[in-house]
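The values are calculated or read from the model by the stated rules, or taken from the named source; none is laboratory data. Here the structure is a predicted model, which is why all the values come from computation and not from measurement. All Cβ positions, glycine included, derive from the backbone under ideal geometry; neighbour counts span all protein chains shown.
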Amino acid sequence: MTSIDLRSDTVTRPSPDMRRAMADAEVGDDERDGDPTTLRLERRVAELLGKERALFFPSGVMANQAAVNLHTRPGTEVILDQDAHIVHWEMAGVAALSGAQIRPVAPSGIVATADDMRRYVRPRARHMTSPSLVCVENTHNGAGGKIVPLSEMRAIRAFATELGLPVHMDGARLWNASVASGVPLHDFAACADTVMVAFSKGLGAPIGAAVAASGPAVDALWGIRKRFGGAMRQSGIIAAGALYGLEHNRSQLAQDHANARAFAGIVEGAGGATVVAPDTNIVMVDLPHGRQAAPLVQACAAAGVLLSGWSATRIRAVTHLDVTADQVRAAAEVLARELARA
Ligand SMILES: *Cc1c(COP(=O)(O)O)cnc(C)c1O
C-alpha cells in the first residue's frame, strides 16, 4: 500500500519534466563566473520580488541564517514571532552563527503583529540589549500557513523603520501567500530588506532557496554565503529544478489551498477536534481534551495516511502537488474516523 503523505510539502519528488530540465541545464562554475542557469534563476527571482538581485542558496535555513548574519551584530537581538521557523528549527543559529539573541514575541492573536512587537521593545539605555533586526515569516508555518496580510506587513515595516531597523522576511512559502491573497510578490517583498523564498516546498523542486535584496547588501551576502559553505559550482543542475518549479508549479498552489480547505471541512468537529481555518496549504488540527497526537498519528499511518504530530495535542497536514484532491479527502476521512473513535 502506498501512503498518502501529508507530513510536509517538502516530500514532493521532481517530475519527469523537471528532471529533464535539470539534466539539460546549461552550467558553469557559479562561484568563479556565475553559472548561467543559476544566474537566470536569480534574475527571475529578483524580478518577481522587485529587488535588484537574488542569490541562490542550497537551503532555506542557510539563506535565513546568512540574512540574519548580514543584518545583525554580536550582542544584539532579533525581534520576531515566538513560533518562527528561525526560533524552532534552525539549531539556535542566530546565537551560534551570529552571536545575537532572539527576542521572541508572543502574539496576541495568531501571528505577532507590529503592535505585539512594539510591546517587546526595550527602552534605549546603555545597560540594555538593543535590537538589530526584525523578522517576519510569511506564510507563517507554525500558525497554520497563515498569511501576514499586506497591511500588517506594512505596519511591521513602519515599526522597524521607527526603530531604524532592517526587516528580513522568511518567505519560504511567500508563493502561497501571493497566490492565495492575490497580492503580488513584489508588494509583500517591498516590506522587507531581504526576502528568503524556498523552491523545495510547494513548487516541488528537490532543493534550494534564494535571498533577494537590493544595493550593496547583496555583495556582503555573497561573502557570507561563501563563509557559511554555500558557494556552489555547477549549481545550474539544481537551479534548473527551481526554475522549472517557479514557471510551472506556482499557479497550481491554488489547488493545494482548495485541497487544504476540503481537508479542514471534513476534520472540523470530528470527535471534538478543532481546525485552524487554512489560509493556504497547511492545516492544523487541535485535539479535544484528553487526546494525544502520537497515537492518532500512528493509527492514521497504519491506515495509510502520514501526518505530523506538531505538538502533544496538535496534528499538522500539508497539501502539495504530489497528492490529488481525492487523496486529500480520503486522508481527511481517515483522520476524522480515528478522531471519532473514542
Ligand atoms: C522549510 C522552511 C525553512 C527552511 O527551508 P529549508 O530549505 O528546508 O532549509 C525556513 N522557513 C520556513 C517558514 C520553512 O517552512
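On the basis of being surrounded by fewer than 23 Cβ atoms within 10 Å (Cβ to Cβ), away from the ligand (no atom under 16 Å from the Cβ) and over 23 Å from Ala213 (Cα atoms), does Ala125 make the cut?
Details: surrounded by fewer than 23 Cβ atoms within 10 Å (Cβ to Cβ): yes; away from the ligand (no atom under 16 Å from the Cβ): yes; over 23 Å from Ala213 (Cα atoms): yes.
Taking the combined requirement at face value, the residue satisfies it.
Yes or no, residue by residue, for (1) within 16 Å of the ligand (Cβ to nearest atom); (2) in contact with a Ser or Thr (Cβ under 9 Å, 6 or more places away or on another chain):
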residue: Ala92; (1), (2): yes, no
residue: Ile102; (1), (2): yes, no
residue: Arg118; (1), (2): no, no
residue: Pro131; (1), (2): no, yes
residue: Thr139; (1), (2): yes, yes
**Message:** within 15 Å of the ligand (Cβ to nearest atom) and outside any loop (DSSP other than H, G, I, E, B): which single residue out of Ala46, Ala63 fits that description?
**Reply:** Ala63
**Count of residues meeting criterion [touching a residue at least 40 places away in the same chain (Cβ under 8 Å) and either assigned to a loop (DSSP other than H, G, I, E, B) or surrounded by fewer than 23 Cβ atoms within 10 Å (Cβ to Cβ) (or both)] in the stretch 311-323** = 5
**Asked** Within the set of pairs 6 or more residues apart or between chains, which connect a residue that is farther than 13 Å from Val78 by Cα inside the stretch 152-174 to a residue that is assigned to a helix (DSSP H, G or I) and of a type in the set (Phe, Trp, Tyr) with Cβ atoms less than 8 Å apart?
**Response** Met153/Phe188; Gly171/Phe188; Leu174/Phe188
**Item:** Criterion: modelled with pLDDT of 95 or more, touching a helix residue (DSSP H, G or I) at 6+ places or on another chain (Cβ under 8 Å) and among the aliphatic types (A, V, I, L, M) - qualifying residue of Val87, Val167
**Value:** Val167
**Item:** Residue, nearest to Arg225 (Cα to Cα), within the stretch 1-59, restricted to residues that are surrounded by 21 or more Cβ atoms within 10 Å (Cβ to Cβ) and touching a Ser or Thr at 6+ places or on another chain (Cβ under 6 Å)
**Value:** Phe56
**Prompt:** For the stretch 183-232, how many residues are assigned to a loop (DSSP other than H, G, I, E, B) and within 16 Å of the ligand (Cβ to nearest atom)?
**Reply:** 15
